1. Just the residues that are over 21 Å from the mean Cα position of the chain (by Cα) and either buried (at least 18 other Cβ atoms within 10 Å of the Cβ) or under 27 Å from Ala228 (Cα atoms) (or both), please, taken from region 89-130.
2. Of all residues in region 54-87, how many are surrounded by 18 or more Cβ atoms within 10 Å (Cβ to Cβ) and within 20 Å of Glu161 (Cα to Cα)?
3. Just give me the residues in region 251-265 being over 16 Å from Ala184 (Cβ atoms) and not in a strand (DSSP E or B), in sequence order.
4. From the list Lys51, Lys94, which one is in contact with a Ser or Thr (Cβ under 8 Å, 6 or more places away or on another chain), among the charged types (D, E, K, R) and touching a residue at least 60 places away in the same chain (Cβ under 8 Å)?
5. For region 165-185, give me each residue that is more than 19 Å from the chain's Cα centre (by Cα) and touching a residue at least 40 places away in the same chain (Cβ under 8 Å).
6. Sort out which residues of region 118-141 are in contact with a helix residue (DSSP H, G or I) (Cβ under 7 Å, 6 or more places away or on another chain) and of a type outside the set (Gly, Ala, Ser), and write them in order of number.
7. Working only within region 179-197, note down all residues that are closer than 17 Å to Ser258 by Cβ and open to solvent by 70 Å² or more (accessible area, probe 1.4 Å).
Amino acid sequence: MNRARYLFLILSFTFYASKIFAVDDDLNTHLMRATFKITHEKSTATVFILKKNNEEKYILITAAHVLNNTPGDETSVIFRTKKAEGEYIKEPIKVSIRKDGKPLWAKHPTEDVAVLWVTPPKNADLSNLSTDLLASDALLQKHKVHPGDLVSVLGYPHRVESNNAGFPILRHGSIATFPLYPTAKTRTFFLSGNIFEGDSGGPVSLSRTSNTEPNKEDVRLILGLVSAQQFLDEDVKLIYGASKIRHRLGLAIIIHASFINETIELLK
């Protein structure tokens, strides 16, 4: 093997490896940095923040019931600031959600989705993810998203954080229902895995490397957001009467990202 060909192979491998393992290309890492806790004295939930079509406008995205159930005109979003490599601190800010008792957010007419313009703190550590990542029906079809696909979900189950800086917890589950589209008809899909109080509003995403794609294209999609957990209420006969027992079925209800896009179009 001549020297030029040897160097070409080495450089090609280095580029290929850097493409696969570069943190900058990892959607989970970006979404960890774009997901935050929203909290007030009565409850905690999850929000994620995207840029409107790569513009300098930030949109806070969550489940509509999170904002509906928040009393008052303000709530707190726990942003983060990077102090040094591997060192982050919390930077909570107050976010206005109502004015004169009227919601400042846009809510989808039928689905559990709400969006709100937000201005992050100046020095907040925040990934510049775009709303272009929100999966449309066309993208679901193009990339053959299907039952059994392993997806990621971010949230704050029972208020739990991954560390003192307030980063969310990342878990995995598989798509558990069929068909997925047209989303105007299916509306939601099941994710195989438990979610808990505090997870509502968290992003659900799919990331595949190019070596698993027929068209050799990396897939990075936000499939939707966490809305609720599926339960089963069972009637149980006891010695002194009957009682209902509620079981978690290990299924999370996910609102399709197409409805997030529709809600963003309603923002004034």
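1. Passing the criteria: Lys94, Ser96, Arg98, Gly101, Lys102, Pro103, Leu104.
2. Total meeting the criteria: 10.
3. Of everything in region 251-265, just one residue is over 16 Å from Ala184 (Cβ atoms) and not in a strand (DSSP E or B), namely Ile264.
4. Lys51
5. Once the filter is applied, which keeps residues that are more than 19 Å from the chain's Cα centre (by Cα) and touching a residue at least 40 places away in the same chain (Cβ under 8 Å), region 165-185 yields Tyr181, Pro182, Ala184.
6. Asp125, Leu126, Leu129, Thr131, Asp132, Leu134, Asp137
7. Tyr181, Ala184, Lys185, Arg187 - these are the residues of region 179-197 that are closer than 17 Å to Ser258 by Cβ and open to solvent by 70 Å² or more (accessible area, probe 1.4 Å).
Listed here are the residues, each with its yes/no results for (1) more than 13 Å from Val118 (Cα to Cα); (2) hydroxyl-bearing (Ser, Thr, Tyr).
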site: Asp26; (1), (2): yes, no
site: Thr29; (1), (2): yes, yes
site: Thr46; (1), (2): yes, yes
site: Ile49; (1), (2): no, no
site: Leu67; (1), (2): yes, no
site: Thr75; (1), (2): no, yes
site: Ile78; (1), (2): no, no
site: Thr81; (1), (2): yes, yes
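The values are calculated or read from the model by the stated rules, or taken from the named source; none is laboratory data. Since the model is a prediction, treat every value here as computed from it, not as a measurement. Heads up, the Cβs are rebuilt from the backbone with ideal geometry, glycines too, and the neighbour counts pull from every protein chain shown. With ligands, DNA and RNA removed, areas are computed over all heavy atoms of the protein, side chains included. Shrake-Rupley method; radii C 1.70, N 1.55, O 1.52, S 1.80 Å.
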